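Shown next, in structure tokens, is the structure this report addresses.
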Amino acid sequence: MEDIVKAELIAQVDRDRDMMIAFLSEFVRAKSPNPPGDTRDAAACVTRFLEARGLDYRIVSPHAEMPNVIAAFDAGAPGRHLVLNGHIDVFPLPRSDGWTHDPWGGEVSDGKIWGVGSCDMKQGTASILFAYAYLHKLRDRLKGRLTLTAVSDEETFGPWGARYLMDHCPEIHGDCCFNTEPGAPTTVRIGEKAPMWLTFTVKTPGAHAAYTHKSESATKIAARLIAELEQIGDLSVDLPPQVAAALDAGSAEIDRVHLPGAAEVMRKFTLNIGMFEGGSMVNMLPGQCRFDADIRLPFGMTKEPVYELIGHILKNYPEVTMEVVMDTAIPAWSSPDHEIVRYVQQNAKAVAGRDVLPITSLAGTDARLWRYAGIPAYSYGTTATNVAMPDEHVDIEEWMSVVKTHLLTIYDYMSTDGGAVGA
């Protein structure tokens with residue numbers, strides 16, 4: 001019976017192919033760049049979809065312009081609670097030039113859907129919307145509870161989306177979270193490094209550019225400091241054995257998907273200087289400079305070694321002050337042996353002949369919030385193509401196969417009693 005049901009679910013996706021493509025195109029046209037983070041048009045796409053199918057939902061909107069959509073149903077028999085998670089905000093337009101397609105047009109051409117957010121991650125959120133609707137029709141045959149969360153404010157790690165829901169809506173915690181962020185359909189992500197955001201400010205008297213003897217340059221001091229902060233990448237790392245084994249097994253695929261060097265980066269502390277502001281005129285010696293640092297903590301590590309090193313370095317920079325913007329995250333991960341991983345592997349193989357490896361992620365996702373709460377969380381999606389770059393797009397054939405893998409994986413989880421569910 002299970003094989004018959006799964007075959008019918010796949011056939012349903014094939015029948016609805018054109019409708020899915022049209023929905024995702026419309027979803028992309030509903031602009032929702034963050035910042036500023038206004039997702040009301042995108043949320044309206046989600047709620048219209050649910051209303052058209054008679055599916056109940058509620059809006060949780062702690063910020064008027066950043067609504068979160070929650071829907072849930074109970075199956076016909078007791079069981080576990082699976083939470084589906086996707087976000088509806090997107091990166092702001094990275095640049096206006098370099099696009100060969102309208103960045104907000106949702107154009108369908110050359111076997112792809114184009115536009116900002118088409119890949120990250122409106123395709124993933126659309127996928128779980130359809131999966132939720134299909135499985136609602138089969139709810140009497142399933143076990144447990146299924147919850148859908150389509151959230152705002154993800155791109156900036158903001159407080160008004162999944163973070164708010166986890167703090168104020170415990171009914172969305174569940175026993176496991178299945179997130180559909182893009183990455184690669186040959187990998188299921190079991191965890192992600194943790195970000196630390198720091199701001200450094202350099203102040204000196206400043207002067208006319210011709211009088212370099214009167215003051216040190218704040219920008220030159222900042223440049224020297226940044227060079228010294230590169231030592232963060234040399235801090236020693238002791239990975240948890242399960243994570244180390246997963247990275248060892250998946251290193252070749254990680255480098256194939258994310259380009260050579262990615263597997264090594266996943267094992268290290270990293271430093272990025274995302275913003276640098278200093279000086280006002282070419283003929284003035286800068287008296288102030290500010291730069292923002294993004295530091296990512298590898299698995300099994302804490303922020304303390306970073307602060308110890310920075311403190312040691314700053315002893316030689318009395319002109320510099322440091323502000324902590326964010327440092328509460330931890331590099332959380334879930335077991336690579338969890339049943340969700342097995343279901344993704346089995347279904348990706350059956351649907352598309354893909355071999356899927358459990359790996360950790362380079363980029364951050366809302367899945368981390370479930371892990372912080374001790375709840376297993378996993379991400380699986382399409383290839384992350386041109387995310388935050390001109391000509392972002394999703395390949396339609398790949399997306400269709402991933403939609404089917406999502407759907408069958410959710411069905412499998414809700415069709416079994418499962419074993420021990422642990423992180």
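Here are some notes:
- Test: Ile70 is closer than 30 Å to Leu142 by Cβ and without any contact (Cβ under 8 Å) to a residue 24 or more places away in the chain: no
- Unique residue being of a type in the set (Lys, Arg) and touching a Phe, Trp or Tyr at 6+ places or on another chain (Cβ under 8 Å) when the list is Arg342, Arg354, Arg371: Arg371
- Scanning segment 97-124 for residues that are of a type in the set (Ser, Thr, Tyr) and buried (at least 19 other Cβ atoms within 10 Å of the Cβ) gives a single hit, Ser118.
- Here Ala150 meets the list (1) over 21 Å from Arg40 (Cβ atoms); (2) in a strand (DSSP E or B) almost entirely, failing just condition (1).
- The C-beta contact set for segment 93-110 (first residue within 22 Å of Ala22 (Cα to Cα), second residue open to solvent by 60 Å² or more (accessible area, probe 1.4 Å) and in a loop (DSSP other than H, G, I, E, B), distance under 7 angstrom, 6+ apart or interchain) comprises His101/Glu107; Pro103/Leu93; Trp104/Lys31.
- Qualifying position, being farther than 30 Å from Met284 by Cα and not aromatic (Phe, Trp, Tyr), among Pro205, Pro170: Pro170
- Count of residues meeting criterion [modelled with pLDDT under 95 and closer than 18 Å to Ala377 by Cα] in segment 156-165: 1
- Any hit, segment 260-282, residues being more than 28 Å from the chain's Cα centre (by Cα) and open to solvent by less than 70 Å² (accessible area, probe 1.4 Å): yes
- Here Gly98 fulfils each of the conditions (1) on the phi < 0 side of the Ramachandran plot; (2) out of contact with any Ser or Thr (no Cβ under 7 Å at 6 or more places or on another chain) apart from (1).
- Residue among Ala249, Ala223, Ala184, Ala194 that is within 30 Å of Ser127 (Cα to Cα), open to solvent by 30 Å² or more (accessible area, probe 1.4 Å) and of a type in the set (A, V, I, L, M, F, W, C): Ala249
- Selection of segment 197-214 for residues being open to solvent by less than 10 Å² (accessible area, probe 1.4 Å) and not β-branched (Val, Ile, Thr) yields Leu198, Phe200.
- Test for Leu146: is it surrounded by 22 or more Cβ atoms within 10 Å (Cβ to Cβ), in contact with a Phe, Trp or Tyr (Cβ under 9 Å, 6 or more places away or on another chain), at pLDDT 95 or above and not small (Gly, Ala, Ser): yes
- Filter pass, Asp255 being farther than 17 Å from Lys220 by Cα, in contact with a strand residue (DSSP E or B) (Cβ under 9 Å, 6 or more places away or on another chain), outside any loop (DSSP other than H, G, I, E, B) and open to solvent by less than 70 Å² (accessible area, probe 1.4 Å): no
- Residue check for Arg290: surrounded by fewer than 18 Cβ atoms within 10 Å (Cβ to Cβ), in contact with a Ser or Thr (Cβ under 6 Å, 6 or more places away or on another chain) and not aromatic (Phe, Trp, Tyr): yes
- Total residues in segment 343-371, condition under 20 Å from the mean Cα position of the chain (by Cα), farther than 24 Å from Thr147 by Cα and of a type in the set (A, V, I, L, M, F, W, C): 5
- Matching entry among Phe291, Phe299 (being closer than 25 Å to Pro358 by Cβ and in contact with a helix residue (DSSP H, G or I) (Cβ under 7 Å, 6 or more places away or on another chain)): Phe299
The values are calculated or read from the model by the stated rules, or taken from the named source; none is laboratory data. Keep in mind that what you see is a predicted model, and the values were worked out from it rather than measured. Note: ideal-geometry Cβ built from the backbone for every residue, glycine included; neighbour counts use all protein chains shown. To get the accessible areas, we keep the full protein, side chains included, count just its heavy atoms, and leave off ligands, DNA and RNA. Shrake-Rupley method; radii C 1.70, N 1.55, O 1.52, S 1.80 Å.
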